Amino acid sequence: MDKNWSKIAIITDDFVREIYNDWAMSLFGSFSKNIEILSVPPGEQSKCRFQVETLQDQLCEKRFDRDALIVGLGGGVVCDLAGFIAATFLRGVDLILVPTTLLAMVDASIGGKCGVNTPQGKNVIGTVYFPKQIIFDKIFLKTLPPEELNSGMMEMIKAALICDNELFRAMLRREPWEKFIERAMEIKKEIVTRDPQEKGERRSLNFGHTVAHAIEKLSNYQVAHGRAVGFGLLVEGALSFLRGFLSHEEYGSIKELLTQYKVNTKWGYLPEEIFEAMKGDKKSKGERVRMVLLERIGKVADFGGEYCNEVTQEEVAQALELVGAL
Ligand code: ADP
Ligand code: ZN
């Protein structure tokens, strides 16, 4: 870090602040004497326009200027909020992200996407803004609850499924999960570098998420993202098998790995409810639902550069039946 910032705002949540306040002050204290810690309540509810406004007002009141630095210290919620604030405050100031959850390390902090939710859905308002630096340290994972680790693990399994059969096999062999983090981060970085604006290939990162987002929406966002993604990976893997892409053995190994992580298949929603909720997906075209499918483990079917393909309600119902969801 080569710059002297006029002021630094560390955006975090109350919980992370309690654990890592001193760590943050001692690291960033060497870059500026003017440091403010601005913290929001923990949880997805804070990823909203009210918190954006509150944080922006605080920056204005405390007279932050163009030479300010915004730091996002926390999980996906905080990284998104900090990114959005940095992108919009005075039309953009420096941003550093310090992801403290596994999910934020392997997913949310990479790729520049930052958004907030509205009553219409997740990430409805947002932009793409890249941090100057991401500070990555596995030490944060020591205090992370198991449920949060599970969420990140699902994104790592997704990375393996879309990009790296070897990584997937290592996961199946139950090698220690800490070993997979760097590779999962690299996979996401490579994809977003090739397609930052999500014109094609970046959609492959959405594997498992068409179904996952439907489950999250139907549950009124009460289901943890990782839990929904685990189920989504299984169903979308099943659909890839039903399409004749994945072999029976490949589908079986996906099921085996996800079963190790206790994937839930019983959500109690009807296929038509799930299909209806999927129509709100950003890949949909009108009533037509599109989904990312695997050609084999480690490779997404590219469908002429679209990286997704229309699926019917009947196919979705068959996949749900195959995974034992009905
Ligand atoms: P994500 O979207 O990455 O799952 P959130 O920002 O919603 O993350 O954070 C999930 C929860 O984990 C929040 O309650 C947050 O306070 C907490 N948290 C974040 N990082 C840590 C950490 N390193 N140790 C313990 N709890 C953490
Ligand atoms: Zn995800």
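Have a look at 22, 14 and point out the one that is near ligand 1 (Cβ under 10 Å from one of its atoms), out of contact with any Gly (no Cβ under 9 Å at 6 or more places or on another chain) and closer than 16 Å to residue 98 by Cα.
14
Return the residue satisfying two criteria in turn: it lies in the stretch 129-163 and is among the hydroxyl-bearing types (Ser, Thr, Tyr) and at pLDDT 95 or above, and of such residues it is farthest from ligand 1 (Cβ to nearest atom).
Checking each candidate, the answer is 129.
Within the stretch 173-213, restricting attention to residues that are among the small types (Gly, Ala, Ser) and in a helix (DSSP H, G or I), which residue is farthest from residue 122 (Cα to Cα)?
The selected residue is 184.
What number of residues in the stretch 136-167 are surrounded by 14 or more Cβ atoms within 10 Å (Cβ to Cβ) and either in contact (Cβ under 8 Å) with a residue 60 or more places away in the chain or within 19 Å of residue 299 (Cβ to Cβ) (or both)?
Looking only at that region, the number is 19.
If residue 170 passes every condition in (1) free of Cβ contacts under 8 Å to residues at least 12 places away in the same chain; (2) part of a helix (DSSP H, G or I); (3) out of contact with any Phe, Trp or Tyr (no Cβ under 9 Å at 6 or more places or on another chain) but one, which one does it miss?
Tallying (1) free of Cβ contacts under 8 Å to residues at least 12 places away in the same chain; (2) part of a helix (DSSP H, G or I); (3) out of contact with any Phe, Trp or Tyr (no Cβ under 9 Å at 6 or more places or on another chain), residue 170 fails exactly one: (3).
Just one of the numbered conditions (1) among the hydrophobic types (A, V, I, L, M, F, W, C); (2) open to solvent by 10 Å² or more (accessible area, probe 1.4 Å); (3) under 13 Å from the mean Cα position of the chain (by Cα) is not true of residue 172; which one?
The single condition residue 172 does not satisfy is (3).
In the stretch 30-63, which residues are open to solvent by 50 Å² or more (accessible area, probe 1.4 Å), modelled with pLDDT under 95 and within 30 Å of the chain's Cα centre (by Cα)?
Result: 44, 45.
Please tell me if residue 46 is more than 16 Å from ligand 2 (Cβ to nearest atom), free of Cβ contacts under 8 Å to residues at least 60 places away in the same chain and farther than 22 Å from residue 221 by Cα.
no
Of the conditions (1) open to solvent by 70 Å² or more (accessible area, probe 1.4 Å); (2) within 19 Å of the chain's Cα centre (by Cα); (3) over 30 Å from residue 119 (Cα atoms), residue 221 fails just one. Which one is it?
Every listed condition holds for residue 221 apart from (3).
The values are calculated or read from the model by the stated rules, or taken from the named source; none is laboratory data. Quick caveat: nothing in here was measured; it's all calculated off a predicted structure. FYI the Cβ positions are ideal-geometry reconstructions off the backbone, even for glycines, and counts take in every protein chain you see. For the accessible areas, the whole protein counts, side chains as well, though only heavy atoms, and no ligand, DNA or RNA atoms are used. Shrake-Rupley method; radii C 1.70, N 1.55, O 1.52, S 1.80 Å.
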